[in-house]
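J.: Have a look at this one.
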Amino acid sequence: MLLTTSVGSLPKPDYLTKARSQARKGEMDAKRLRALEEQATREWIAIQEGLGLDVLVDGEQYRGDMVAYFAEHLAGFAQSELVRSYGNRYYRKPIITSRIARPRPITVEWWRFAQALTTRPVKGMLTGPYTIMDWSFNEHYPSRRAATLAIAQVVREEARDLERAGAQYVQVDEPAISTRPEEMDLAIEALGIVTRGLRAKTITHICYGDFKTIGPKLHRLPVDQIDLEFANRNFELLDFFKGRRFPKEIGLGVVDVHSHRAESRDEVVEGLRKALTVFRPEQLMVDPDCGLKTRTPEEAIAKLRVVVEATREVREALGNGRGTGAKRAKR
Amino acid sequence: MITTLVGSYPKVAEGAYSTKLIGAITKWQRQEVTDDQLEETCQEITTAVIREQEQAGVDLVTDGQIRWEDLVTPIARGLEGFEINGLSRWFNNNVYYRRPILHKAPARRRPILADQYRFAARAATRPVKAILPGPYTFAALCEDRHYNSFRRFALKMAELLHAEAQDLVKAGAPLVQFDEPAVGFGKTDLKLAVEALGVAARGLKAKTAVYTYFGSLDGGLAALQRAPVDVIGLDVVSDPKTLAALKRVKLTKEIALGCLDARNTKLESVTELHALFAVAAKRVPLDRLYVNPNCGLEFLPHRQALAKVKRLVEAVRSFKRGIRYQSKIGI
């Protein structure tokens with residue numbers, strides 16, 4: 001119970017950030033870049049093991065944007081000129097220009113590489129069909145729905161290949177799911193296509209905008225575990241779950257990924273104890289709110305360390321039967 | 001039929017007027033270039049954007065809002081009482097704006113946009129319209145820690161925006177447009193929106209418009225016509241029900257038909273556009289009809305944005321030819 005993990009992305013070390021920029025300018029060949037991506041992955045696996053995390057990630061050292069990465073490896077997508085996302089930040093938004101297909105597995109080889117480095121389980125990490133659709137232009141499919149369902153088929157193939165390769169956890173992230181509440185049913189349908197028949201534990205991470213509108217449909221997401229941000233809104237989200245018997249596991253985000261400061265162990269223990277008044281311990285996995293790629297490696301490590309230490313403290317308290325204020329835990 | 005844009009235009013253009021604005025802003029943030037140097041770059045891009053619109057054949061041009069990070073920041077920064085805060089989602093788009101926080105009574109000490117307007121008007125050979133956020137939307141997008149009353153805040157904003165509009169008219173604007181994407185997006189207090197627009201627009205010695213987009217004016221169009229503005233902008237792309245409302249509701253205002261999807265790269269055909277023009281032409285005389293994309297063009301990469309502008313002009317020209325021919329042969 002109370003296994004610890006991280007949401008997906010981890011920061012790239014300076015040498016890799018530089019290498020990626022050189023590779024973009026044609027100053028570094030693919031082989032050399034790949035060697036550095038592997039080095040960074042090795043380092044992150046060792047760091048996660050050293051910190052004592054239970055379920056690991058490969059840290060996505062070889063990915064840029066979580067949608068563009070898949071678009072670059074699927075057939076049917078082209079890259080756009082720059083568009084602005086906010087402030088002075090620009091990106092290349094994928095354009096669906098023809099029928100989407102997956103010529104070959106995308107993430108499986110990286111998953112194998114990471115899993116070979118550790119005996120602890122490494123999660124397979126995918127971006128969900130609704131998010132890929134919402135974050136792309138669509139010139140080919142007649143509707144947002146048609147595009148989403150076509151993407152669901154290729155993400156499903158990828159999820160099955162990860163499972164076949166041995167992944168015990170497959171995470172399919174849908175951060176865009178709260179963008180248009182009226183399309184929540186479509187997102188659920190598409191995610192169902194991806195997860196149907198998988199034996200691996202399935203997880204989805206969603207970022208919530210207006211939780212009131214998507215909350216009531218949350219239990220219908222066709223996954224075993226829903227990973228949510230709790231820390232950045234001071235665990236207020238717990239109120240939504242209070243008094244209901246939520247039928248799924250929860251990935252409990254206990255540290256804010258947007259702040260530079262590492263939370264104290266006491267703060268995180270406090271958050272966990274609050275959560276245990278609402279959820280059963282066996283229902284929870286503990287992690288940061290979201291991917292850590294925007295933090296520095298040092299900040300990310302500090303945050304992961306406090307996740308592990310605080311969870312350990314709470315776990316021990318539960319094990320010693322001292323309870324945490326959670327009624328069920330005292331059983 | 002008057003062709004126009006809603007407001008924003010891509011700030012960078014890899015195939016045309018360059019991406020130098022990105023570097024200029026980065027350097028300005030690091031204080032490596034002065035305000036004047038940044039302003040020079042902004043003016044250069046503004047001139048290029050105006051020239052593109054004129055060469056494409058747009059009748060009523062905009063300055064492209066090259067200096068605008070989003071619809072609210074320039075005004076919030078130009079007024080007293082606001083602090084620019086963290087990122088929030090821009091309606092249902094994967095685009096973000098900085099949410100202003102009102103922490104004391106807002107005040108306007110000097111004109112905010114008039115100098116920029118004068119520059120654009122000098123750079124253009126065609127009329128340039130002035131654009132402001134509407135009072136209702138502005139208030140809805142801020143966090144109000146002063147009034148604790150949405151109504152009082154919106155009406156105060158209406159006063160301040162009216163003063164700003166007056167200065168824009170003095171600077172020569174033939175039309176002042178208030179953007180109200182929050183009207184029709186989710187639950188809207190239409191009565192308040194109309195009242196606030198009344199304060200903002202009444203008595204201006206220029207034409208006035210209110211533009212709505214992203215949401216639906218199904219059920220809101222009749223009410224919005226009570227606002228004392230000359231033109232109502234309708235996005236008939238985002239929600240087809242808005243087109244149904246246009247067919248149904250008795251029209252007392254001039255209409256601006258938002259008929260090209262500025263949120264997707266897929267280029268509309270002339271035939272599709274003619275079909276939409278025909279719907280509008282049945283409801284308003286052609287000399288009371290504006291045609292434009294459904295929202296600002298900044299969601300698109302430059303190449304596709306320009307292609308849409310050209311397509312719009314092409315479709316309007318052939319539509320008018322068709323009508324002249326029909327009347328000549330007596331259909």
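J.: Put a dot 7 Å past each Cα toward the Cβ at A:R196 and A:E139; how far apart are the dots in nm?
T.: A separation of 3.2 nm, rounded to one decimal place.
J.: When you count, for each residue, the other Cβ atoms within 10 Å and take the mean per peptide, how do A:226-232, A:250-256 rank with the highest first?
T.: On the way: A:226-232: 22.0, A:250-256: 25.6.
By packing density, highest mean first, the sequence is A:250-256, A:226-232.
J.: Kindly identify the stretch B:207-331 as rounded, prolate or oblate by the Cα gyration tensor criterion: order the square roots of the eigenvalues as a ≥ b ≥ c, call it rounded if a/c is under 1.5, otherwise compare a/b with b/c, prolate if a/b is larger, else oblate. Write out the running numbers ahead of the final one.
T.: On the way: a/c = 1.79, a/b = 1.04, b/c = 1.72.
The shape class here is oblate.
J.: What's the magnitude of the charge dipole for the protein assembly as shown around its Cα centre, counting Lys and Arg as +1 and Asp and Glu as -1 at the beta-carbon? Answer in Debye, nearest 20. Please list the in-between numbers first.
T.: Details: 101 positive and 82 negative charges, 317 e Å.
That gives a dipole near 1520 debye.
J.: Mind jotting down the distance between the C-alpha centroids of the stretch B:69-91 and the stretch B:199-238, whole Å?
T.: 22
J.: Classify the stretch B:88-127 from the C-alpha gyration tensor, please: rounded if a/c falls under 1.5, else prolate or oblate depending on whether a/b exceeds b/c. All intermediate terms of the calculation are to be shown ahead of the outcome.
T.: Details: a/c = 4.85, a/b = 1.37, b/c = 3.54.
Judged from the Cα gyration tensor, the stretch B:88-127 comes out oblate (a/c at least 1.5, b/c at or above a/b).
J.: Using a 10 Å cut-off around each Cβ, can you sort A:M133, A:M66 from fewest to most neighbouring Cβ atoms? List each step's numbers first, then the result.
T.: Values: A:M133 27, A:M66 21.
Ascending number of Cβ neighbours within 10 Å: A:M66, A:M133.
J.: If packing is taken as the average count of other Cβ atoms within 10 Å, what order do B:122-130, B:55-63, B:208-216 fall into, highest mean first? Spell out each step's value before the answer.
T.: Numbers: B:122-130: 18.0, B:55-63: 20.8, B:208-216: 24.4.
Packing order, densest peptide first, comes out as B:208-216, B:55-63, B:122-130.
J.: Another one. Within straight cross-link reach of B:K27, meaning Cα distance under 13 Å, which aspartates and glutamates are found once same-chain residues fewer than 8 apart are removed?
T.: Correct list for B:K27: B:D35, B:D36, B:E39.
J.: What lysines does B:K310 reach when the alpha-carbon gap must be under 17 Å and sequence neighbours fewer than 8 apart in one chain are set aside?
T.: Straight-line reach from B:K310, under 17 Å: B:K266, B:K320.
J.: Across the residues of B:95-101, average count of Cβ atoms on other protein chains within 10 Å? Spell out each step's value before the answer.
T.: Working: counts 4, 5, 2, 2, 0, 0, 0.
Shielding by partners across B:95-101 averages 2.
J.: Quick one: grab the alpha carbon gyration tensor of the stretch B:2-328, order the square roots of its eigenvalues as a ≥ b ≥ c, and give me rounded if a/c is under 1.5, else prolate or oblate depending on whether a/b is larger than b/c. Each step should come with its number before you reach the end.
T.: Details: a/c = 1.67, a/b = 1.17, b/c = 1.43.
In terms of gyration-tensor shape, oblate.
J.: If you average the alpha carbon positions of the stretch B:312-331 and of the stretch A:1-49, how far apart do those two centres end up, in angstrom?
T.: Centre-to-centre distance over Cα atoms comes out at 60 Å.
J.: Once you put a point 7 Å from the Cα of A:D210 and another 7 Å from the Cα of A:T118, both along the Cβ direction, what distance in nm separates them?
T.: 3.9
J.: When the label point is put 7 Å from the Cα of B:E272 along its Cα-to-beta-carbon vector, which residues of the stretch A:63-98 have a backbone N closer than 18 Å?
T.: Under cut-off, by backbone N: A:78, A:95-98.
J.: Assuming R0 = 30 Å, can you tell me the calculated FRET efficiency for the pair B:T19 and A:N234, based on Cβ-Cβ distance, to the nearest 0.05?
T.: Details: r = 40 Å, r/R0 = 1.33.
Computed FRET efficiency for B:T19 and A:N234: 0.15.
J.: Next up: What order do you get for A:L10, A:L51, B:L175 when you list them from fewest to most C-beta neighbours inside 10 Å?
T.: On the way: A:L10 26, A:L51 17, B:L175 22.
Fewest to most other Cβ atoms nearby, the residues stand as A:L51, B:L175, A:L10.
J.: If you take each beta carbon of peptide B:3-15 and count the beta carbons of other chains within 10 angstrom, what is the mean? The partial results should precede the final answer.
T.: Numbers: counts 0, 0, 0, 0, 0, 1, 0, 5, 5, 5, 2, 3, 1.
Mean shielding by partner chains, rounded to a whole number: 2.
J.: OK, next. Using 1/(1 + (r/R0)^6) with R0 = 51 angstrom and r between the beta carbons of B:I329 and B:A307, what's the FRET efficiency to the nearest 0.05? Numbers along the way, then the final one.
T.: Values: r = 33 Å, r/R0 = 0.64.
It comes out at approximately 0.95.
J.: Another question about this same structure. Place +1 on the Cβ of every Lys and Arg and -1 on the Cβ of every Asp and Glu in the stretch A:172-331, take the dipole about the Cα centre, and give the residue among A:G192, A:N234, A:T277 whose Cα lies farthest towards its positive end.
T.: Toward the positive end, the furthest listed residue is A:T277.
J.: Which of the listed residues, B:S269, B:N94, B:A165, is farthest toward the dipole's positive end in the stretch B:2-328, when Lys, Arg count +1 and Asp, Glu count -1 at the beta-carbon?
T.: About the Cα centre, the residue reaching furthest to the positive side is B:S269.
J.: Can I ask one more? Using a 7 Å offset from the Cα along the Cα-to-Cβ direction at both B:N93 and B:A223, what is the distance between the two label points in nm, to one decimal?
T.: Once both label points are built, they end up 2.5 nm from each other.
J.: Can you divide the C-alpha Rg of the stretch A:84-209 by 2.2 N^0.38 Å and report the result to two decimal places? Before the final figure, lay out the partial values.
T.: Values: Rg = 15.2 Å, N = 126, 2.2 N^0.38 = 13.8 Å.
In units of the globular-protein estimate, the stretch A:84-209 measures up at 1.10.
J.: Further question on the same structure: Which of the lysines could a cross-linker bridge to B:K191, judged by Cα under 27 Å and excluding same-chain residues fewer than eight apart?
T.: Within the straight-line limit of under 27 Å, B:K191 reaches these lysines: A:K212, B:K104, B:K129, B:K156, B:K205, B:K207, B:K241, B:K247, B:K250, B:K253.
J.: If you don't mind, there's one more thing I want to ask. In peptide A:73-84, what is the residue-averaged number of other protein chain Cβ atoms found within 10 Å of each Cβ? Intermediate values should be presented prior to the final figure.
T.: On the way: counts 0, 0, 0, 0, 0, 1, 1, 7, 14, 9, 13, 13.
Taking all residues of A:73-84 together, the mean is 5.
J.: Among B:F299, B:V231, A:L82, which residue has its Cα positioned farthest towards the positive end of the charge dipole of the protein assembly as shown, with +1 placed on the Cβ of Lys and Arg, -1 on the Cβ of Asp and Glu, and the dipole taken about the Cα centre?
T.: Comparing the listed Cα positions along the dipole, B:V231 ranks first.
J.: Under a Cβ-only charge scheme (Lys and Arg +1, Asp and Glu -1), can you give me the dipole magnitude of the stretch B:99-244 about the Cα centre, in debye to the nearest 20?
T.: Charge dipole of the stretch B:99-244: 560 debye, to the nearest 20.
J.: Here's something else I'd like to know. Treating the beta-carbon of each Lys and Arg as +1 and of each Asp and Glu as -1, no other charges, what is the dipole magnitude of chain B about its Cα centre, to the nearest 20 debye? Show your work: numbers first, answer last.
T.: Details: 48 positive and 36 negative charges, 207 e Å.
Using Cβ point charges on Lys, Arg, Asp and Glu, chain B gives about 1000 debye.
J.: Right, something else. Counting only DSSP beta bridges with both residues in chain B, what percent are antiparallel, rounded to the nearest 5?
T.: In chain B, DSSP labels about 20 percent of beta bridges as antiparallel.
J.: Name all residues of the stretch B:161-203 having a backbone nitrogen under 12 Å from the label point set 7 Å from the Cα of B:E80 along its Cα→Cβ direction, giving them as ranges.
T.: Taking a point 7 Å out along Cα→Cβ of B:E80, no residue of the stretch B:161-203 has its backbone N under 12 Å.
J.: Using alpha carbons only, how many angstrom separate the centre of the stretch A:90-152 from the centre of the stretch B:142-183?
T.: If we compute the Cα centre of each part, the gap is 43 Å.
Values quoted throughout were computed directly from the atomic coordinates according to the rules given, and no laboratory measurement underlies them. Since the model is a prediction, treat every value here as computed from it, not as a measurement. Neighbour counts are summed over all protein chains in view; Cβ atoms, including those assigned to glycine, are modelled from backbone coordinates with ideal geometry.
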